[in-house]
Amino acid sequence: MPAFSVSAPGKTILFGEHAVVYGHHAIAVPLFDISLKVSIQPLPNKNKILIINSDQGNRHISFEKKEDNPYWITLETIRQSLNVDHLPSMEIAISSSIPVAAGLGSSAAFSVALTKAVSGFLGFNLPVEKLNSIAFEIEKHQHGSPSGIDNTVVAYQSPVYYRKNEFPIFFNINKPMHLILADSGIRSLTKDVVLHVKQELEKNPDKINKIFAEIEKITIEAKGTLETGDHRAIGNLMLDNHIHLQRLGVSIIELDCLVEAAVESGAFGAKLCGSGQGGNVVALTSYDKTEKVIKAMRQAGAVSCLRSTIQPTKVLD
Ligand code: MEV
């Protein structure tokens, strides 16, 4: 079997995180400036799978058949989905520029890229729907009850208007969008934050369902503004969305400070992105204000700022 290499982008959620877990819409875009790469090559005469993850200091990790080993669970999910008896000996090298547990899709990129690489190495040419559904199964093992938006935006590599259990809608973005992803440096696990929201919902269903309904209204309106390219309106909707995320209890002071700094330095808007309680804030700015906004967010505590431009898309009707 010849060597096989693939990569998958990061992502950011522009609108609707958390509400999307409960059947509301959300909007996400791929981030091509960060990515996770998986390369596979044969390991002749060895009856094992070696995983080299550069995030873990370039060590060889022997692959062991253990239910609590995330690599084992992932590879087993892929094997069963492809309906093959066993996986051959191989060396899997993983390297990534997507920060882990930071709301930028590192886990979805891992699920998608690994599925694509292993299936390609075995000679399968999976349609993107199948790739996405296997990646979703892997995500379920990692996060409990994900909505599926993360693996979908990463698998299709296109902006998506997404609702759980429905086919994603791909839509046109009309003007380049200059985004800044400002990292608070604080790490949080999606699984834990999703659980926090679930507990809040159980304690206070009326309040939380009302917040979800407000977020849904914002997301529906945002789709129209993204299509027309009205960046001022998009920015205002991002700020509204952030306020509702604060009310859900998934923001923290460090993220609020980054949002405030972005807006005060001239961004159209900003909000936390992904599960929250750490991770990144996404800000939308004009091209000429980018440096100023980055400087302000750095001063407000961002440990790093990534610029990413979402290029206009043209979806065929
Ligand atoms: C995480 O990137 C987005 C959440 O809405 C969880 C999910 O949709 O599965 C918080």
Local charge sum around residue 295 (other residues, Cβ-Cβ under 13 Å, Lys/Arg +1, Asp/Glu -1)? +2
Label point distance in nm, residue 167-residue 309, each placed 7 Å from Cα along Cα→Cβ: 3.3
Within the under-11-Å Cβ sphere about residue 132, not counting residue 132, Lys/Arg +1 and Asp/Glu -1 give a net charge of -2
Contour minus end-to-end for residue 55 and residue 130, with contour as 0.36 nm per residue of separation and end-to-end as the Cα-Cα distance? 24.2 nm
Under 12 Å Cα-Cα from residue 210, which aspartates and glutamates qualify once same-chain neighbours fewer than 8 residues away are excluded? none
Per-pair calculated FRET efficiency, R0 = 22 Å: residue 157 and residue 95 via Cβ, rounded to 0.05: 0.70
Sorting check: for 138-148, 300-310, which peptide has the highest mean count of neighbouring beta carbons within 10 Å, and how do the rest follow? 138-148, 300-310
If you take the square roots of the eigenvalues of the alpha-carbon gyration tensor of region 135-215 and sort them as a ≥ b ≥ c, do you get rounded (a/c under 1.5), prolate (a/b over b/c) or oblate? rounded
At q = 0.13, 0.16, 0.20 Å⁻¹, the log10 of I(q)/I(0) for region 120-270 from a Debye sum over equal Cα scatterers comes to -0.76, -1.14, -1.52
Between residue 83 and residue 253, take the C-beta separation as r, use R0 = 41 Å, and let me know the FRET efficiency to the nearest 0.05. 0.25
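Can you work out the FRET efficiency for the pair residue 206 and residue 43, with r the C-beta to C-beta distance and R0 = 45 Å, to the nearest 0.05?
Efficiency, from the Cβ-Cβ distance: 0.20.
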Among the lysines, select those whose C-alpha is under 30 Å from the C-alpha of residue 314, and discard any that sit fewer than 8 residues away in the same chain. 11, 37, 116, 130, 164, 175, 217, 223, 271, 289
Prolate/oblate/rounded label for the chain (Cα gyration tensor, a/c 1.5): prolate
Please compute the modelled spin-label separation between residue 286 and residue 227, points set 7 Å along Cα→Cβ, answer in nm with one decimal. 2.6
At the level of C-alpha centres, the distance separating region 1-47 and region 233-261, in angstrom, is 26
What dipole magnitude, in Debye to the nearest 20, does region 62-124 give about its Cα centre under +1 on Lys/Arg Cβ and -1 on Asp/Glu Cβ? 160
Prolate/oblate/rounded call for region 187-273, Cα gyration tensor, a/c under 1.5 rounded: oblate
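Bear in mind that the values in this text are calculations on the coordinates, not laboratory data. Treat the numbers as computed from the prediction; the structure is a model and nothing was measured. Cβ coordinates were reconstructed from backbone atoms using ideal geometry, including for glycine residues, and neighbour counts include every protein chain displayed.
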